[in-house]
């Protein structure tokens, strides 16, 4: 989780959302501006204004031609919006809802990442288990081949038998190569998730992977209870609720555009000729505006915000339906994997006994090499099925936990508090 680029992206989005909250809160504070302005003009109106602001007016000035005048103005100005129909207040609440939604997305990303790592890890162990099965099959094929060669030397077998056993040994070697390649690919997947290489001492021994198994966990709750638990715990549902809340606040913020706005202004200014004596002036003002007609812009913004709200509500319903389907499918997958494992265990026991019996019969020259090959193929298929079923149980359990939100940190309390 520390190295995940996906979680880092969401974390940065949380930081950006926090800044949006600060920007919304900044709208409640006064705005202070410091400005410097220089102008030079011979326009009678503006030239006279410069003279008056600099306190240099006298009755002898020619109003029609006051000459070229310059002015250097230094001003400090404060502006404060006192009332804006509640738009800023609801805008801040909408920003907070957006921030909480992204925090919930972070937990959802964590839930997905842990499940992905678990699934990939178990598939890697499964691939290592396939290597163990392939190695045992390869060793058994070479043993049978040596036994047949000894029987040929004793003139107790035909050369064609050893040829068929050599073919079987080559096939077993090919399966071993394929199993090793598959395990390396899955190891690359683990390394991608960890963003580092797997050290040699971290790789389990293929021969002991099967012994790492544990009994399947039983799912005691019915599908309805599991779905309810998932809807309560999944971060995606919390994120949807926060988004709906945020969209509702944006509707209220848009309604504020229909109400009057009140603002206050104050400034102090110093006017002077360049490098000359300055004259001070100030002004206090209070302004109220009420948009009577804006071509329907305010009503259009309200309708747009309502449409966004309905869209997000529909998205929330879709998320709930998707989660319910995911939970039902995951629960059925766990049940199916557990049942397949029981069947595979039983098949494994019978296949081992059958292979041992056929080998004894072959040593005693009761059956042909064809029977031995058939028994070994059947045993190998059962071993592969058993290994697959063993880790399919673990994978299905991990995916069920993901569907229930068990890998995410609890944020339900925060969602209700908000």
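Descriptive notes on the structure:
- Two-site FRET efficiency, residue 158 against residue 185, from Cβ-Cβ distance with R₀ of 51 Å, rounded to 0.05: 0.80
- Computed lengthening from residue 3 to residue 225, 0.36 nm per intervening residue step minus Cα-Cα distance: 76.4 nm
- Computed [θ] at 222 nm, helices only, for the chain once each DSSP H run of length n ≥ 4 contributes -39500 (n - 2.57): -24000 deg cm²/dmol
- Helix 87-153 vs. the chain, principal-axis angle (Cα, 0 to 90°, nearest 10): 20
- Region 264-349: C-alpha gyration tensor shape, a/c 1.5 cut-off, then a/b vs b/c: prolate
- Among 233, 64, 380, the largest mean-square fluctuation in a Gaussian network model of the chain, built with springs joining Cα atoms closer than 10 Å, belongs to 64.
- Rg/Rh for region 42-192, where both radii come from Cα atoms and Rh is the Kirkwood radius: 1.79
- Largest GNM mean-square fluctuation across 204, 274, 260, computed for the chain with C-alpha springs under 10 Å, falls on 274.
- Label corresponding to Rg/Rh (Cα atoms, Kirkwood Rh) when calculated from the structure given, among (i) 1.05; (ii) 1.34; (iii) 1.01: (ii)
- On the basis of the beta-carbon distance and an R0 of 41 Å, residue 166 and residue 193 show a calculated FRET efficiency of 0.50.
- Helix 369-404 axis, angle to the chain major axis (alpha carbon atoms, nearest 10°): 30
- Protection proxy ranking of 123-136, 291-304, 45-58, by the mean of other Cβ atoms within 10 Å over each peptide's residues and highest first, is 123-136, 45-58, 291-304.
- Pairwise centroid distance, computed over Cα atoms, of region 131-198 with region 48-97, Å: 88
- Highest mean packing comes first when the peptides 176-184, 342-350 are listed by Cβ atoms within 10 Å, giving 176-184, 342-350.
- Distance in nm between pseudo-label sites at residue 332 and residue 262 (7 Å out along the Cβ direction from Cα): 6.3
- Extension gain (nm, one decimal) between residue 40 and residue 25, 0.36 nm per residue minus Cα-Cα: 1.4 nm
- Springs between Cα atoms under 10 Å define the GNM used for the chain, and in it the highest mean-square fluctuation of 146, 75, 234 occurs at 75.
- As a proxy for reagent exposure, 173, 99 were ordered by neighbouring Cβ count within 10 angstrom, fewest first; the result is 173, 99.
- Rel. contact order, % - alpha carbon contacts under 8 angstrom, at least six apart, region 327-391: 44
- Rounded to 10°, Cα long-axis angle of helix 223-233 versus longest principal axis of the chain: 40
- The simple spin-label model puts a point 7 Å past each Cα toward its Cβ; for residue 288 and residue 205 those points are separated by 8.8 nm.
- Prolate/oblate/rounded call for region 1-100, Cα gyration tensor, a/c under 1.5 rounded: prolate
- Relative contact order, percent, the chain [alpha-carbon distance under 8 Å, six or more residues apart]: 25
Values quoted throughout were computed directly from the atomic coordinates according to the rules given, and no laboratory measurement underlies them. Note that the structure is predicted; figures quoted are calculated from it, not measured. Quick reminder, even Gly has a Cβ in these numbers, built from the backbone with ideal geometry, and neighbours come from all protein chains shown.
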